[in-house]
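Have a look at the structure below, then the notes.
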Amino acid sequence: MDQTLKTLTIIHHNTQGLPSHIVDLKAHHELRLADVLCLTETHLSGSSVSPVFQLEGYDLFTRSRRVSYNTCVDMAKKDGGGVAVYCRSNVQAEPRRYM
C-alpha cells in the first residue's frame, strides 16, 4: 500500500447481479471512492471474468458460488451467490484461497 495513504476505505455492496449493474457501479461516484470495494451476490460464474467487469485503477478478484461451495453440491447448485473484490491498484493485495 502507498505509504502516504493514511486511511483505507472499504465498502461492501450487495449487487444482486453484477452483470445487470456494472454500468451503475462504474457511474457511482461514492462507490468509486473506495480503496477496496467488496461486492456480494455478483451472480458471476466460471473462472474467467469478462473485461467488461474491470474498473480502471482497480485489480479484480472474483469467486463464484460454485467454486465457493465445491464440497457441497446442494449449495453449489443454488442460484445467485458469488463475490468480487476490487482493490485499488496502489493497494497491495492477493487472493486467498481459503478463509
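State whether one or more residues within segment 22-37 are at pLDDT below 90, among the basic types (K, R) and surrounded by 14 or more Cβ atoms within 10 Å (Cβ to Cβ).
Within segment 22-37, one or more residues are at pLDDT below 90, among the basic types (K, R) and surrounded by 14 or more Cβ atoms within 10 Å (Cβ to Cβ).
Taking segment 22-46 on its own, how many of its residues are farther than 12 Å from A84 by Cα and either touching a His at 6+ places or on another chain (Cβ under 9 Å) or not in a helix (DSSP H, G or I) (or both)?
Selection size over segment 22-46: 8.
For segment 51-91, give me each residue that is at pLDDT below 90 and assigned to a loop (DSSP other than H, G, I, E, B).
Listed by number, the residues that qualify are S64, Y69, N70, T71, C72, K77, K78, D79, G80, G81, G82.
Would you mind stating whether I10 is surrounded by fewer than 16 Cβ atoms within 10 Å (Cβ to Cβ) and either touching a residue at least 12 places away in the same chain (Cβ under 8 Å) or touching a Cys at 6+ places or on another chain (Cβ under 7 Å) (or both)? Steps first, answer last, please.
Details: surrounded by fewer than 16 Cβ atoms within 10 Å (Cβ to Cβ): yes; either touching a residue at least 12 places away in the same chain (Cβ under 8 Å) or touching a Cys at 6+ places or on another chain (Cβ under 7 Å) (or both): yes.
Yes: the conditions hold for I10.
The values are calculated or read from the model by the stated rules, or taken from the named source; none is laboratory data. None of these values were measured; they are calculated from a predicted model. Virtual Cβ from ideal backbone geometry, glycine too; neighbours counted across all protein chains shown.
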